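A.B. asks: Sharing a structure, written as structure tokens. Questions coming.
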Amino acid sequence: MSPRIRPTLFKPTLIALALQAALPVFAGTALLTAVGAAHAQSPEALATTQLNEIVVTSSADASAEGLSKPYAGGQVARGGRVGILGTQDIMDTPFSSTSFTSELIQNQQARSVADVVQNDSSVRVARGFGNFQELYVIRGFPVYSDDVAYNGLYGILPRQFVSTELVERVEVFRGANTFLNGAAPGGSGIGGAINLLPKRAPNAPLTQITAGVESGGQVYGAVDIARRFGPDQSTGIRFNAARRDGETSVNNEQRELSVLAVGLDWRNRNVRLSADVGYQDHRLDQPRPSVTPNGGIPRAPDASSNFAQPWTYSKERDTFGTVRGEFDLTSNVTAWAAAGIRQGDESNVLSNPTSNANGVTSAYRFDNVREETAKTAEIGVRTKIVTGSVKHTLIASAATFSLEKKNAYAFSSFAGFAGNLYNPFPVAAPAATASVAGDMNNPLVQAKTNTSSVAIADTMSFIDDRLLVTIGARHQTIKSETFDYNTGISKNDVYDKSRVTPVAGVVFKASNQVSVYANYIEALVQGQVAPATGVNNPGAILSPEQSEQKEVGIKYDGGNFGASLGLFSITRPSAYAVNGTFAADGEQKNEGIEVNLYGEPVRGLRLLGGITFLDAKQVKSQGGTFDGKEIIGVPDTQANAGIEWDVPGAKGLTLTGRALYTASQYADRANTLSIPSWTRLDLGARYLTTMGNKLVTWRARVDNVTDRNYWASVGGASPTNTYMVLGAPRTFTLTASIDF
């Protein structure tokens, strides 16, 4: 397959395309706002007023600000958490982010974080290497599910899959963020971050039961109960439980999920406390694996077919807890502290095939067990002072994280067994005895990771708060140590490196509706490890990789309709052998333009969408072999268009639709192989009614309406990995929620 021809980003042609996409958003917003206001006052609009769906408004989560208020339409919030800077309005922050609300999560019947973040055109969902871990690609860089934060803390959530029953909101931060959040312990987060907020008891009592079914026979049940107690309703408790079981829309693929979560909070005038305890048990049997191409790209098989072996499975069980407190020391000084712990257990029997262009495959067996204990904590203080005409918000923070991983694995013969993507057949499970490391029944400690950091920042306000300038720095230390799988003895290759990552951001509020922003911020991850052979420094771990981001943009807030336009450039070091020595001498550069829109421009019509143009290239590669070539698995265009429409004259009825477009993606470093572009259409409806004085919400949804067969992703935005993931088939989901 011939390589694609793509324009270099920021050239006049692509800027023109971006402006064509963005100008209607900004120029037409005033007209949409005016039309919406006129429609809101019209007799016809008043005559067709819809039933109002119950929206849970969470109480303060150990912060004075509490959750940012929902934006018009209720699908996204007016702001979100910006790392140690705290909760900020979208118009006040020099960064780009979106916070998806519980209303959107529930209305779209989202099962996991992946289902939610697909509403963002800057994000695409892929899969971890060799397993079934969700992986999120933001601005063309991976964010591992290991590195998803929970109320600002890393490492607390289940590692491979996070059920939406555990979260109130899903916050997507676009761009480098080490200063804001600290270095992600899993080594990702260069192009963005995801933070999940826990559920809290709302001010009104809540008792909700939900039941549903999904294509293939999957059944679902959930309960959500919340109460507030005590003087001034100062104490809250919220309990969530959910269960999924049965076959999915993929033939013979079974999913079993159990979730429990309890959230507590207490507050008085000067103190706010919260705590969370969660449990998730997730198992997949005969899960459809990824496919690595060998010499050509096979045609995408039928989307509902399953070429997994019946003896494969993936299982993960996690228990976690967090506590957080915020204390007002004076009217201008607030201190906070938080801590969390997670215990996770995984076991897998996997078999991921390699396929030629005709769908003929070869595979072998891989068994893996993993036990993890993660601990994390942070403290900080925030104070406000005034010097002359300048207001300052000063912040100091310290954070620590530790992870102990026990691991063992076993392979069958690498000669493998044959198969076919288009005519799959079972084979007897080969013995996983050809290559074994560690005791599968009692894995020993294989790795320890520790990170620590201190950060300071000052946000200065000028010209009656119209000009905001943020400067700061974080000193980050990354430590790691590996141990022999079979003896548990340290390999004496302790890694202990530190770097300082600065930040500078500016926001200028040109008017009450328009903010212009710019930022410089860096990302930091542990340096790459030299290969065991072919270099004169085998096993050496390089200094931390320091990626740099520059971004400018503009945001519009019309009250009921919002939009943003951003241009960014991120450079990341890469490593290869230079004169026989493995060194960070290469470079990758991702440049892009993002347009986002959201809100309810006309009463009863809600919009959520955007378009992202990406140019991700290998700028400097070994011997210049791949200079100028595109990064594997990063499309040059991603577009989303979502709509909700309250049907006039049909009280309580809402129709929904969403279209996702992803351009073709290269599947090799030389850009000679690629998967085709794809478009997916999702349609749905919900209906609000009452039964016995109880509010009942029916929700129906069809994802991939056209039942398109397509390869959804390649390699998780990696410079080298080429494995492909087949898109899900047409999937029907029906649920009913009753509020008591």
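A.B. asks: Under 5 Å between amide H atoms, partner at least 5 residues away or on a different chain: which partners does Leu653 have, H built in plane at 1.01 Å?
C.D. replies: Val647, Leu688
A.B. asks: Can you check what the net charge comes to around Val503, using other residues whose Cβ is under 14 Å from the Cβ of Val503 (Lys, Arg +1; Asp, Glu -1)? Can you show the working numbers first?
C.D. replies: Numbers: positive: Arg474, Arg499, Lys550; negative: Asp458, Glu522, Glu548, Glu551.
Within the 14 Å Cβ shell, the charges total -1.
A.B. asks: So what is the relative contact order of the chain, in percent, for Cα pairs below 8 Å that sit 6 or more residues apart? Walk me through the intermediate numbers first.
C.D. replies: Numbers: 2191 pairs, mean separation 95.4, N = 740.
Once normalised by length, the contact order is 13 percent.
A.B. asks: What whole-number distance in Å separates the alpha-carbon centres of region 217-257 and region 560-594?
C.D. replies: Computed from Cα coordinates, the inter-centre distance equals 39 Å.
A.B. asks: Using modelled amide H (1.01 Å from N, peptide plane; none on Pro or chain starts), what sits under 5 Å from the amide H of Ala126, excluding residues fewer than 5 places away?
C.D. replies: Counting only residues 5 or more places away or on other chains, the set is Leu135, Tyr136, Val137.
A.B. asks: Same structure again: Pick out, from Val535, Pro310, Ala241, the residue whose Cα sits farthest towards the positive end of the charge dipole of the chain, with +1 on the Cβ of Lys and Arg and -1 on the Cβ of Asp and Glu.
C.D. replies: Looking along the dipole axis, the top candidate is Ala241.
A.B. asks: Could I have the simple spin-label model distance between Leu467 and Val333, label points 7 Å from Cα toward Cβ, reported in nm to one decimal?
C.D. replies: Reported label-point gap for Leu467 and Val333 is 3.0 nm.
A.B. asks: If you only keep lysine pairs separated by 8 or more in sequence, or across chains, how many in region 325-476 come under 24 Å at the Cα atoms? Please report the intermediate quantities before stating the final value.
C.D. replies: On the way: Lys375/Lys405; Lys375/Lys406; Lys375/Lys448; Lys405/Lys448; Lys406/Lys448.
Value for region 325-476: 5.
A.B. asks: Going by amide H atoms built from the backbone, whose H comes under 5 Å of the H on Arg78, apart from near neighbours?
C.D. replies: Sorted by chain and number, the residues that satisfy this are Lys69, Tyr71.
A.B. asks: What are the ³J(HN,Hα) couplings of region 442-454, residue after residue, when phi is run through the Karplus curve with 6.51, -1.76, 1.60 and θ = phi - 60°? Round to Hz, x for glycine and proline.
C.D. replies: 8, x, 8, 4, 10, 7, 10, 10, 9, 10, 8, 7, 10
A.B. asks: Further question on the same structure: What is the distance, in nm, between label points placed 7 Å from the Cα along the Cα-to-Cβ direction at Val381 and at Leu273?
C.D. replies: Reported label-point gap for Val381 and Leu273 is 2.2 nm.
A.B. asks: So, one more: Pop the C-beta distance of Lys491 and Ala429 into the FRET formula with R0 = 45 Å and round what comes out to the nearest 0.05.
C.D. replies: Numbers: r = 32 Å, r/R0 = 0.72.
The formula returns an efficiency of 0.90 here.
A.B. asks: For region 277-285, in order, what is each residue's ³J(HN,Hα) by Karplus, 6.51 cos²θ - 1.76 cosθ + 1.60 with θ = phi - 60°, in whole Hz (x at glycine and Pro)?
C.D. replies: Whole-Hz 3J(HN,Hα) from phi for region 277-285: 10, x, 9, 9, 10, 10, 9, 10, 10.
A.B. asks: Give me the lysines in straight-line cross-link reach of Lys620: C-alpha distance below 24 Å, same-chain residues under 8 apart excluded.
C.D. replies: Cα-Cα hits under 24 Å: Lys11, Lys550, Lys589, Lys629.
A.B. asks: Please give the Cα centre distance for region 339-353 versus region 171-186, rounded to the nearest Å.
C.D. replies: 23 Å
A.B. asks: On a full-extension model of 0.36 nm per residue, what is the gain between Lys391 and Asp627, subtracting their alpha-carbon distance, rounded to one decimal in nm? Can you show the working numbers first?
C.D. replies: Details: separation 236, 0.36 × 236 = 84.96 nm, distance 4.74 nm.
Stretched fully, the Lys391-Asp627 segment lengthens by 80.2 nm.
A.B. asks: Using θ = phi - 60° and the Karplus form 6.51 cos²θ - 1.76 cosθ + 1.60, what ³J(HN,Hα) does each residue of region 383-393 get, whole Hz, x for Gly and Pro?
C.D. replies: 9, 10, 9, 10, 10, x, 9, 9, 8, 10, 10
A.B. asks: Distance between Cα centroids, region 618-663 to region 672-703: provide it in whole Å.
C.D. replies: Value for the Cα centre distance between the two parts: 18 Å.
A.B. asks: Give the peptides 223-230, 271-278 in descending order of average Cβ contacts within 10 Å, highest first.
C.D. replies: Values: 223-230: 16.6, 271-278: 19.8.
Listed from highest to lowest mean packing, they are 271-278, 223-230.
A.B. asks: For region 650-734, with every protein chain kept in place, what is the accessible area per residue (1.4 Å probe, Å²)? The partial results should precede the final answer.
C.D. replies: Values: 3170 Å² over 85 residues.
Computed with neighbouring chains in place, this is 37 Å² per residue.
A.B. asks: When the accessible area of region 110-167 is split by element with a 1.4 Å probe, what percent falls to carbon and sulfur? Write down the numbers at each step before the final one.
C.D. replies: Working: 450 of 900 Å².
So the carbon and sulfur contribution to the accessible surface is 50 percent.
A.B. asks: Moving on. Report the FRET efficiency, 1/(1 + (r/R0)^6), for Ala415 and Ala437, where r is their Cβ-Cβ distance and R0 is 25 Å, rounded to 0.05. Write out the running numbers ahead of the final one.
C.D. replies: On the way: r = 19 Å, r/R0 = 0.77.
FRET efficiency, Ala415 to Ala437: 0.80.
A.B. asks: Looking at (1) 1.20; (2) 0.93; (3) 1.28, which value of Cα Rg over 2.2 N^0.38 Å comes from a calculation on the structure shown?
C.D. replies: (2)
A.B. asks: Accessible surface of His475 in the full protein assembly, 1.4 angstrom probe, to the nearest 10 Å²?
C.D. replies: Counting only protein heavy atoms, the figure is 80 Å².
The values are calculated or read from the model by the stated rules, or taken from the named source; none is laboratory data. On a predicted model such as this, the values are computed, not experimentally measured, just so you know. Ideal geometry is used to build each Cβ from the backbone, glycine not excepted, and the neighbour counts take in all protein chains shown. With ligands, DNA and RNA removed, areas are computed over all heavy atoms of the protein, side chains included. Shrake-Rupley method; radii C 1.70, N 1.55, O 1.52, S 1.80 Å.
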